[in-house]
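Below: one structure, written as structure tokens.
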Amino acid sequence: MDWTLLEKNDPTLPFFSSFKWCYSWWNIYKYISDYSLFIITLNQEKRVVAIAPLVIRKSRNLLFSYSTLEFISMGDYHDFLLDIDTQTNTISLIREIFDIIEIHKDKWDEINLTHISQHSRITQYLLKSKKNEFLRYLMENPFIDFSAFKDFNHYCQDFLPSKTIQYYNRLQRDIPFRLEISSENIIQKLGDIHIDEKNEHLKRGKRNRHSLFEDEKRKQFIESIYEQADNIISYFLVSNLNNSIIGYNTGFLHNDRFHSFNTAFSPKYYSYGIGKILYYCIFKENFTNRKWRLFDTGTGRYQWKFEWTNTFTLIYRFHYIKPSTKKLFVLYSFKQIKHLLIILFNSLKIRKG
């Protein structure tokens, strides 16, 4: 298949743009009438040299509806598939893809391409083009390059968060535990733990918490990809007393990079610093029995991620509204005003407090 051939030949292509990932997502969401495929392929001499895995999503509010062109699926990184062996400059292929998108502008009101890596050829093209102003910083994806450290102790000297060893010793004393590693599909069991942890955070006042497993379509997609994937790695802290899961981190191995996809711990162990213990055990294990070079913590600008990591990937968003779609400019203006008012309100609350 052309898609899988392109991804095999390009070691920089993210796992979240692979055929397996995108097809699994579409197999779930194709039954929603608001989604329609918009996959662009470029051919040279009867050979596919580029694929842009896109969809058009229809949205509605009280006043109007609009269509958004975006990447297929959910993921920490998105990209186009390009034949790196072609005689044609790959930037030219990307330019041609955007030309085709423009030709079909009657099908969409806005383009919203998110989670584009700073290293993507899409980024290279957009920064050099007249579309430069529509490419904006979105967030960072922190990761650890373990090849920068000669051993685990060397890593710990600079990146071991405070109290990690105290948490580790305390848990081992109160609930003797072990680290287990699995490539089996037990995602359904993990979903219950993730929802329980989210509910515990809500009880403690952390209102911005959510769980992927509470959205039925996302849950079906996650279960589907775990049924098919052959690159799963799941790490568990397991109680020696009753063999129950204390906490877990599960993800996918792709081109020597472990993509941490989902992590949680049982609320019963809230006060034990399970997240720190879990990362400590995973990294120590990987220095002993190496499975990957890079540990990617994924999307989310959480302070605790930067405690452990020594670098990050800048992530961009390309957002372009068709000039003729004035209703969207008004909508986003209102959203910006609302966002600024929330920031102002929170700032005043802090000052009064």
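Cβ-Cβ distance of ASN255 and THR288, R₀ of 25 Å, FRET efficiency by 1/(1 + (r/R0)^6): the value works out to about 0.70. Computed from Cα positions, the angle between helix 164-174 and the longest principal axis of the chain comes to roughly 50 degrees. Once both labels are positioned 7 Å from their Cα atoms along Cα-to-Cβ, the gap between ARG136 and LEU212 label points is 2.6 nm. By the helix-only formula, in which each DSSP H run with n ≥ 4 contributes -39500 (n - 2.57) and the sum is divided by residues, the chain has a 222 nm mean residue ellipticity of -12500 deg cm²/dmol. Highest mean packing first, where packing is the average number of other Cβ atoms within 10 Å per residue, the peptides 191-198, 274-281, 131-138 line up as 274-281, 191-198, 131-138. Computed from the alpha carbon positions, the gyration tensor of region 85-172 leads to an equivalent ellipsoid with semi-axes of 44, 18, 11 Å, biggest first.
Backbone amide hydrogens, once placed in the peptide plane, bring SER120 within less than 5 Å of nothing, excluding anything fewer than 5 places away on its chain. Out of every Cα-Cα pair that region 2-129 contains, those further apart than 19 angstrom amount to 49 percent. Overall shape of the chain was characterised from the C-alpha gyration tensor. The equivalent ellipsoid obtained from it has semi-axes of 37, 26, 20 Å, in decreasing order.
One chain, two ends: ASN199 and ASN9. Fully extended at 0.36 nm per residue, the span grows by 64.1 nm beyond their Cα-Cα distance.
Compared with the dominant Cα axis of the chain, that is its longest principal axis, helix 187-203 is turned about 80°.
When you count the other C-beta atoms within 10 angstrom of each residue and take the mean per peptide, 69-81, 165-177, 227-239 line up highest first as 69-81, 227-239, 165-177. Principal-axis analysis of the Cα atoms of the chain puts helix 326-352 at an angle of about 30° to the longest axis. Given R0 = 25 Å, the distance between the Cβ atoms of ASP34 and SER129 translates into a calculated FRET efficiency of 0.25. Region 21-77 and region 108-177 have Cα centres separated by 26 Å. Tally the DSSP beta bridges in region 2-129 and give the antiparallel ones as a percent, rounded to 5. Percent antiparallel among DSSP bridges in region 2-129 is about 85. Distance between the 7 Å Cα→Cβ label points at ASP230 and ARG173: 4.7 nm. Shape class for region 143-311: rounded, because the ratio a/c of the largest to smallest gyration tensor axis (alpha-carbon atoms, square roots of eigenvalues) is under 1.5.
Relative protection proxy for 49-58, 304-313, 27-36, 291-300, from highest mean packing down: 49-58, 291-300, 304-313, 27-36 (other beta-carbon atoms within 10 angstrom).
Residue separation of LYS46 and GLN118 scaled by 0.36 nm, minus their Cα-Cα distance, works out to 22.8 nm of gained length. Positive contributions from Lys and Arg (+1) and negative ones from Asp and Glu (-1), summed over other residues with Cβ under 14 Å from the Cβ of GLN172, come out at +4. Rounded to two decimals, the Cα-based Rg/Rh of region 149-197, with Kirkwood Rh, is 1.09.
Every number in this text was worked out from the coordinates using simple rules, so none of it is lab data. Keep in mind that this is a model prediction, so the values were computed, not measured. As a convention, Cβ positions derive from the backbone with ideal geometry for all residues, glycine included, and neighbour counts pool all protein chains shown.
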